[in-house]
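First the structure, in the form of structure tokens, and then the observations on it.
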Amino acid sequence: MEVPDGTIEVISTFVKEFVNGRDVILGISGGIDSTMVGYFLTKNIPREKIHLYSLPYKNEDQDVPKVEEFLGIKIERIFIDDFVKPFTNLVSDKKSLGNVMARIRMVILYSMANKYNGLVAGTSNKSEILTGYFTKFGDGASDFQPIGDLYKTQVYELARKLNFPEWILNKKPTANLWEGQTDEDELGIKYSDLDRILQCIEFFKSKDECQVKTGFDMKLINRVYEMVENSKHKRIILYIPKINFRSVGTDWLE
């Protein structure tokens, strides 16, 4: 999927203006999204203001040292095994434990934000945000999301434009929540197909119109439309009943 003209300039200006001289904390996974956010940070704010953390469980992603070299900033390692261990007796399935890991990581990142009086940069892309493919109050929590309006396929296209190394362009997307986990296997659809359906939703296309446009099976289209609908609670921070003149989240928008 093509990247709109001016995307680099928009993200760069957004980062500079939002950060406004403060320190920034970023979790590095070894994947393309966090590396892309790290790239924009290094290009737009002083390097001494950037604090990168790898927060592995059991084993660190083998590509984290490559990201460290590519970005040219030291990455601090904090293994989360001891933090996760108490929860292994409370949750039995790997997905729930994966959510615990994501939330523990965000607790650590916000602890570092307190330390440096800084901001936590999010690494979610538009495909993840729209489908709810993130942990609420986990990797979905942040102070700002620099690539939040880029579909996953656009993140890859932008990475090509910016001459990212081949190893990261060819790497299968994964949240590293358990051994062998990949995004596309868990979502049950390739990002290249997912993003085409999500664009239908973005431009208010009906399911029938989307089928004509994409040629995909209606069952697949229905599933993606349902994913977006069923995950909307993740994209709203506060659900509040309206009582007074202006209610936060409805007509009191920041």
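The values are calculated or read from the model by the stated rules, or taken from the named source; none is laboratory data. Predicted model, so just to flag it, every value in this text is computed and none were measured. Positions of Cβ are generated from backbone atoms using ideal geometry, with glycine treated the same way; all protein chains shown enter the neighbour counts.
Go through (1) more than 30 Å from CYS200 (Cα to Cα); (2) at pLDDT 95 or above; (3) not aromatic (Phe, Trp, Tyr) one by one and return the number of the condition LEU130 breaks.
For LEU130, the failing item is (1).
Considering region 53-75 alone, what residues qualify as being more than 19 Å from THR174 (Cα to Cα) and surrounded by 13 or more Cβ atoms within 10 Å (Cβ to Cβ)?
To start, the set of residues in region 53-75 that are more than 19 Å from THR174 (Cα to Cα) comprises 69-75.
Hits for region 53-75 are PHE70, LEU71, ILE73, ILE75.
Can you pull out the residues in region 12-32 that are small (Gly, Ala, Ser) and in contact (Cβ under 8 Å) with a residue 40 or more places away in the chain?
Across region 12-32, the qualifying residues are GLY27, SER29, GLY30, GLY31.
Would you pick out the residues in region 1-16 that are surrounded by 14 or more Cβ atoms within 10 Å (Cβ to Cβ) and assigned to a helix (DSSP H, G or I)?
THR7, ILE8, ILE11, SER12, PHE14, VAL15, LYS16
Can you name the condition, by its number, that TRP167 falls short on among (1) of a type outside the set (Ser, Thr, Tyr); (2) crowded, with 21+ Cβ neighbours inside 10 Å; (3) under 27 Å from ILE80 (Cα atoms)?
(2)
Any residue at all in region 177-189 that is within 30 Å of ILE80 (Cβ to Cβ), free of Cβ contacts under 8 Å to residues at least 60 places away in the same chain, among the small types (Gly, Ala, Ser) and loosely packed, with under 13 Cβ neighbours inside 10 Å?
Within region 177-189 (the criterion being within 30 Å of ILE80 (Cβ to Cβ), free of Cβ contacts under 8 Å to residues at least 60 places away in the same chain, among the small types (Gly, Ala, Ser) and loosely packed, with under 13 Cβ neighbours inside 10 Å), the answer is yes, since at least one residue qualifies.
If you go through region 217-254 one residue at a time, how many are surrounded by 14 or more Cβ atoms within 10 Å (Cβ to Cβ) and either assigned by TED's automatic domain parsing to the domain that holds TYR151 or more than 26 Å from the chain's Cα centre (by Cα) (or both)?
Here the count works out to 0.
What number of residues within region 33-55 are assigned to a loop (DSSP other than H, G, I, E, B) and touching a residue at least 40 places away in the same chain (Cβ under 8 Å)?
The qualifying residues number 1.
For region 101-116, check the following and say yes or no: at least one residue is over 21 Å from LYS136 (Cα atoms), of a type in the set (Lys, Arg) and free of Cβ contacts under 8 Å to residues at least 12 places away in the same chain.
Yes: region 101-116 contains one or more residues that are over 21 Å from LYS136 (Cα atoms), of a type in the set (Lys, Arg) and free of Cβ contacts under 8 Å to residues at least 12 places away in the same chain.
(1) more than 25 Å from ILE8 (Cα to Cα); (2) without any contact (Cβ under 8 Å) to a residue 24 or more places away in the chain; (3) of a type in the set (S, T, N, Q): which one isn't true of THR135, the others all being true?
(2)
Applying the selection to region 56-73, what residues are at positive phi and part of a helix (DSSP H, G or I)?
Matches in region 56-73: none.
Which residue out of GLY180, GLY188, GLY148, GLY215 is at positive phi and modelled with pLDDT of 95 or more?
GLY215
Applying the selection to region 96-123, what residues are touching a helix residue (DSSP H, G or I) at 6+ places or on another chain (Cβ under 7 Å) and either in a helix (DSSP H, G or I) or surrounded by 21 or more Cβ atoms within 10 Å (Cβ to Cβ) (or both)? Before the answer, list the steps.
Taking region 96-123 first, the residues touching a helix residue (DSSP H, G or I) at 6+ places or on another chain (Cβ under 7 Å) are 97, 100-101, 104, 119-121, 123.
Correct list: LEU97, VAL100, MET101, ILE104, ALA121, THR123.
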